[in-house]
1. Using the Cα centre as the reference, give the magnitude of the dipole from point charges on the C-beta atoms of the chain (Lys, Arg: +1; Asp, Glu: -1; all else neutral), rounded to the nearest 20 debye.
2. So for the chain: antiparallel DSSP bridges make up what percent, rounded to the nearest 5?
3. How much of the accessible area of segment 3-80, in percent, comes from carbon and sulfur atoms when a 1.4 Å probe is used?
4. Kindly state, to the nearest 0.05, the FRET efficiency for residue 142 paired with residue 440, given R0 = 60 Å and r defined as their beta-carbon distance.
5. With a 10 Å radius around each residue's Cβ, average the other Cβ atoms per peptide and rank 270-276, 293-299, highest first.
6. Please compute the per residue accessible area over segment 103-317 with all protein chains in place, 1.4 Å probe, rounded to a whole number of Å².
7. Which ³J(HN,Hα) values in Hz, rounded to whole numbers, follow from the phi angles of segment 351-367 under the Karplus curve 6.51 cos²θ - 1.76 cosθ + 1.60, where θ = phi - 60° and Gly and Pro get x?
8. Give the peptides 218-230, 130-142 in descending order of average Cβ contacts within 10 Å, highest first.
Amino acid sequence: YTREEVARHRTPGERVWVTHGTEVFDVTDFVELHPGGPDKLLLAAGGPLEPFWALYAVHSQPHVLELLREYKVGELSPEDSSPPAGDAQDPFAGDPPRHPALRVNSLKPFNAEPPPELLTQSFLTPNELFFTRNHLPVPAVEPGSYRLRVEGPGGRSLSLSLAELRGRFPKHEVTATLQCAGNRRSEMSRVRPVKGLPWDIGAIGTARWGGARLRDVLLHAGFGDDPPGDGEWHVCFEGLDVDASGTPYGASIPFRRAVSAEAEVLLAYEMNGQELPRDHGFPVRVVVPGVVGARSVKWLRSVAVSPSESPSHWQQNDYKGFCPSVDWDSVDFRAAPAIQELPVQSAITEPRPGAAVPAGELTVKGYAWSGGGREVIRVRGGKGRGQGGEGGMGGEREGNWWEKWRGRGWAWALWELRAPVAPGARLELLCKAVDSSYNVQPDSAAPIWNLRGVLSNAWHRVPVTV
């Protein structure tokens, strides 16, 4: 069979086919028996199993392969095993391969998120499933010739190789959640149209980042704990990713956050114990815990101490929030501050909207997080009234229940709720979180609607049928 023929078999009605190596299997009859649930097996339908099996070590056991062989229906055509050659004229032709489970919001530049049901399978998001937010083509960087420039007023400057960054400065590790400003934009667009990628709830992820503290590098370059001059100084970052005119992606954060030992800002070269993947900033990226992902510049080429914010388009004319009355005819991006810390957030990852769930005990899973290092102190899940349904699950979780997962306040909490549901009911599941400053999510998106669809954090609502 060709890969095209295999790809036609993606649903139980069409039969569910997968490949492993050069072999083709019809696993339709195993879908409901899959220990991880049918939804997870169906993610691989019509394609290779290997990228999904690599996420879970249990698949490497011999009995799993023996079980799979019971469903073999044929072999892949030899001429269909090589991927097509890339277009040398395409600026995105050098982009890295991606995991097939990612749900693509745009191909060029590549922007994608994991399926929600995989997002909360583990506290640390696997590198392959971490959401990808690219604004420009992924640069190809030779680590041996890489140099990071650090500069500021008074002629102070520093140039560091990757080896020097690793060798001169103590390695520091931070478990931190990064979230795109546009996470859950698709919900806000249902209120009124917005401009931006239609992210669902997966533009968020948590990793163990390793690298040099930005503070240590700035001190080494001759900067102190106080700004070099009066006013609110900033630390500006530029990436190696550039547009057709050669303009790089850029962003900045306040100087005092950059040099704060408590803020734990990193020049990271590791992600979950591995070198940074290309899509996530190889060889070095900024990681600013508790701050919108747009400031954690990837493929970092320069750090500059400046009396003003980054002049980059993405700092000055994007990633800002406005009130619902502002439209594209009246918007003035200079009138709003750039987004830094993000508001409290939570979402339901399982079950999915529109799911048919069995009667009895329903398990609801999700994540919760807040910006600025503010820990989540409470998540409440509930079921709104619907046909045949009653209100209120009484699913509160509070106190220090998140303690074992904490990352100094930078990381999300994963939560789970079990509650009885009656047969025949049509329900709307919902969740809301409260952080340590007692900030709470608004109950709907309408009062926080804005023309760019950023900062979407209303109660998450998931309709299901029992």
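The values are calculated or read from the model by the stated rules, or taken from the named source; none is laboratory data. Not measured: the values here are computed from a predicted model. Quick reminder, even Gly has a Cβ in these numbers, built from the backbone with ideal geometry, and neighbours come from all protein chains shown. Only protein heavy atoms, including side chains, enter the accessible area calculation; ligands, DNA and RNA are left aside. Shrake-Rupley method; radii C 1.70, N 1.55, O 1.52, S 1.80 Å.
1. 1000 debye
2. Of the beta bridges lying entirely in the chain, close to 95 percent run antiparallel.
3. 56 percent
4. 0.80
5. Those peptides, ordered most packed to least, come out 293-299, 270-276.
6. On a per-residue basis, 36 Å².
7. Taking θ as phi minus 60°, the curve returns x, 8, x, x, 5, 9, 10, x, 5, x, 9, 9, 9, 10, 10, x, 10 Hz for segment 351-367.
8. By packing density, highest mean first, the sequence is 130-142, 218-230.
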